[in-house]
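The structure appears right after this line, and notes come after that.
Bear in mind that the values in this text are calculations on the coordinates, not laboratory data. As the structure is a prediction and not an experimental result, all values here were calculated from the model. No Cβ is skipped: glycine too gets one built from the backbone with ideal geometry, and neighbour counts run over all protein chains shown.
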Amino acid sequence: MIAKALRGGFSRRMFLKSSAVTALGAALPNMTLAAGETIKIGFLAPLTGPVSAWGKPGLDGCTIWAERVNAEGGIKLEDGEHKIEFVAYDNEYDPAKARTGATKLIREDGVSFVMMLGGDTWPGVQPVADRTGMLFSTLLPSDLSPDTTTLVAPTEVHPIYIVTGVQWLAENRPELKTAVMCAQDDALGLPSVATYLAAFEAAGIEMQDDPLLFDPATTDFAPVVTRLLSSNPDIVCLDTCYSDYVHPICTQLFLQGFKGQIISATADFYDQMIAKTSKEFMEGFIFQFPDFDDPALNAEHINFPDANGFYTEYNKRYPGQWGAVSWEYASIMELWKLAAEKAGSVDPEAVLAAMQEGGKGQHAFGEASWWGEELFGIDHALVGDWPVVMIEDGKARIKAFVSIPDWYDQHGDLLIKYMTKYDQMWSQRS
């Protein structure tokens, strides 16, 4: 993993320079489309392996989104209508494979836009983005820096959105005073650790120990949970653990008799966790990603078309596979579609300009602002409200939409403090 190389003294900048030797050496191919030509979109994410739960369900969601758009005539540009098609490349959450995939998608497949999960894979791709000017998206704003001028985080603002869950918990469960936390030691876990620490401090919740960082290769979580519970905490925080970690950790929490509050960035396939534990054990579990059959997603401010219908169709085709990213890549595409149609072109520079025009964007959960210069060195993250989700009687339900900018206006200094402590500020990463 790149995260380990960074800790070993191999800097991100060194990786980028070494990667540049094999990166593309010229600008984008001709982006002009022939009349009626299909627009191709690159999907560069882990489709297999331990991180596939944050890749494959998103590709499935994009398939449904594309069928909807194509049934209505496709993308409407200056020269007419164009159908849309996704071209996928499995990067297996490996930066070298991600670099190869980016090159193939641009040079061989002729894509007009590339979506990524990001994280450990972005340093492998950035030289390709720099040399071609291709527009990329990430689900991880912690990838952003002043150098990432063709990278945007237009849907998920990981890890900043997790402050909303802690804030809601503090306001609605004030009797909870202490917390412990664990996370995998990698590019997804560390910025999330920093953000949770800031959120807990802002809420007046005491951390009983330093975050327990485990190796991503860990498979036995009994010792991890035993250590977490040794101080008898009110809250156990699972950070942004992959589903392959969240499930066994929750099973161990159940087996070891934990009765307190659990909070996590995600709870993908929570029905399976209920089956492994009990409905009573999972009651009150706080996380950040709703099921799209939630009535709250029918509100006027929601910008994801027919969220309930999308959820129904998704579960019909892919039963048991709905997760955090099932809707996110499709939501990015909705924003890209609006921008491309506004620009009348699929040219990456024109689409980006249209996407960011006026400093506002139609985020899935309402209008949001392009933001991030103070934290990321560039205003390329679309930030607004985010839902707080709780499991009630075996079903995920949105409890509130909480403003991320409002929290940051009050507590941004804490977030910067902990991001700096964990070497996650853009200036430290670059």
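What shape does segment 224-381 have by the C-alpha gyration tensor, where a ≥ b ≥ c are the square roots of the eigenvalues, rounded means a/c under 1.5, and otherwise prolate means a/b greater than b/c and oblate the rest? Prolate is the answer for segment 224-381, as a/c is 1.5 or above and a/b outweighs b/c.
What you get for the chain, charging only the Cβ of Lys and Arg (+1) and of Asp and Glu (-1), is a dipole of about 960 debye around the Cα centre. Computed over neighbours whose Cβ is under 13 Å from that of residue 279, the net charge equals -3, Lys and Arg +1, Asp and Glu -1. Relative to the longest principal axis of the Cα atoms of the chain, the long axis of helix 56-71 makes an angle of roughly 40 degrees. For segment 202-303, GluC sites (Glu not before Pro) are listed when DSSP marks them as loop and at most 10 other Cβ atoms sit within 10 Å of their Cβ; the list is 300. Just so you know, the Cα atoms of segment 163-278 work out to an Rg and Dmax of 13.1, 36 Å.
Relative to the dominant Cα principal axis of the chain, helix 243-255 is inclined by about 10°. Where both bridge residues fall in the chain, DSSP classifies roughly 45% of the beta bridges as antiparallel.
Of the chymotrypsin sites (Phe, Trp or Tyr not before Pro) found in segment 142-250, none is in coil by DSSP with at most 14 other Cβ atoms within 10 Å of its Cβ. Listed values [x] 126; [y] 234; [z] 143 include one computed from this model; for volume of the Cα convex hull per residue in Å³ that value carries the label [x]. Dividing the summed helix terms, -39500 (n - 2.57) for each DSSP H run of n ≥ 4, by the number of residues in the chain produces a 222 nm estimate of -12000 deg cm²/dmol to the nearest 500.
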